[in-house]
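Read the structure below first, then the notes.
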Amino acid sequence: MHARKDSLPASILASIRSRKKRLDAAYTEARPRSAGTLIASYNVHKCIGTDRRFDPERTSRVIHEIGADVIALQEADTRFGERTGILDLGRLERETGLIPVPVAGMAKAHGWHGNVVLFKKGLVHDVHQVKLPGLEPRGALVAEIELEQGGVLRIIAAHFGLLRHSRAQQARTLVELINDRHEMPTILLGDLNEWRLGDRSSLNTFQSAFGPLPPAVPSFPAGLPLLALDRIIANRKGIISQVEAHDTPLARIASDHLPIKALVDLEPVGG
């Protein structure tokens, strides 16, 4: 018998090989901000870093670093019992201008099943709290935001389960939700917990609503990202730039996930 030789996808190998070069070039000095709406997704891991230290202040500094106009957070509340928010949202608003999309019926929690959407400028027209199927308690937060730059963007912030069967069910639920609502530019983002690529991925269900999925960007584990657990997916071709990881020294220790980010430009769909 010959041992089976599984190779990592080329995109992940390239990410590993070029990581040091990218870090040296990207963060020795600040890069100019391109035009567009910067969106991001970040599993903050209940503000527990890779050093096992609980440090909400450090997590907030990473959010400040990203500089997003819209950001979806996962695991921003305690998980069991009476869910309680972990971050100082008042301070985040003062320092970054980010305010949370409102959720109903959650007195102490920041969000819905740990999902929080923060945005800087615009108007929220519609918010839905979606309970996702599966063995674990999981959810998605859907918000329609009128951007200051013009146009309305639907954000679906989700955190999928650890079981492949559950993830497939959760993907189907969101596809049905999208198909039931009037068409508009839609961004799905969050920790989708799927490390498989190609035909084995539970995320292939999304192709009926979003088309071919964009290239996977490794974001986990933060110290040496190999798996693309976090995703940003758009239902319109050309409205998001290439997704990239926010890979800084602080982000590498603040959570077990790196944030990911992309620019949104609604011009290709006519606003």
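The values are calculated or read from the model by the stated rules, or taken from the named source; none is laboratory data. It should be emphasised that the depicted structure is a prediction, and the values quoted were computed from it without experimental measurement. In this analysis, Cβ positions are derived from the backbone assuming ideal geometry, glycine residues included, and neighbour counts consider all displayed protein chains. Side chains are part of the model used for accessible areas, which takes the heavy atoms of the whole protein and leaves out ligands, DNA and RNA. Shrake-Rupley method; radii C 1.70, N 1.55, O 1.52, S 1.80 Å.
Worth a mention:
- Scanning the range 14-61 for residues that are at pLDDT 95 or above, of a type in the set (Val, Ile, Thr) and touching a Leu at 6+ places or on another chain (Cβ under 8 Å), we see that the one that is nearest to Leu73 (Cα to Cα) is Val44.
- All of Gly97, Gly49, Gly90 fail the test of being of a type outside the set (Lys, Arg), more than 23 Å from Leu192 (Cα to Cα) and touching a residue at least 24 places away in the same chain (Cβ under 8 Å), apart from Gly97.
- Candidate set from the range 88-127 (those that are in contact with a helix residue (DSSP H, G or I) (Cβ under 8 Å, 6 or more places away or on another chain) and open to solvent by 10 Å² or more (accessible area, probe 1.4 Å)); member that is nearest to Gln170 (Cα to Cα): His110
- Scan of the range 236-249 for residues that are modelled with pLDDT of 95 or more, of a type outside the set (Ser, Thr, Tyr) and within 18 Å of the chain's Cα centre (by Cα), ordered by number: Val243, Glu244, Ala245, His246, Asp247
- Restricting attention to the range 71-129, the residues that are of a type in the set (D, E, K, R), modelled with pLDDT under 90 and outside any loop (DSSP other than H, G, I, E, B) add up to 2.
- Extreme residue, nearest to Asp55 (Cα to Cα), among residues of the range 240-262 that are among the aliphatic types (A, V, I, L, M) and touching a strand residue (DSSP E or B) at 6+ places or on another chain (Cβ under 6 Å): Leu258
- Residue within the range 214-229 that is touching a His at 6+ places or on another chain (Cβ under 6 Å) and not aliphatic (A, V, I, L, M) present: yes
- Exclusive hit being hydrophobic (A, V, I, L, M, F, W, C) and either free of Cβ contacts under 8 Å to residues at least 12 places away in the same chain or assigned to a loop (DSSP other than H, G, I, E, B) (or both), set Leu135, Leu141: Leu135
- Selection of the range 37-68 for residues being in a loop (DSSP other than H, G, I, E, B) and open to solvent by 30 Å² or more (accessible area, probe 1.4 Å) yields Thr50, Asp51, Arg52, Arg53.
- Output for the range 132-155, where each listed residue is of a type in the set (D, E, K, R), in contact with a Ser or Thr (Cβ under 9 Å, 6 or more places away or on another chain) and open to solvent by 40 Å² or more (accessible area, probe 1.4 Å): Glu148
- Residue count for the range 152-202, restricted to those that are among the β-branched types (Val, Ile, Thr) and under 14 Å from the mean Cα position of the chain (by Cα): 4
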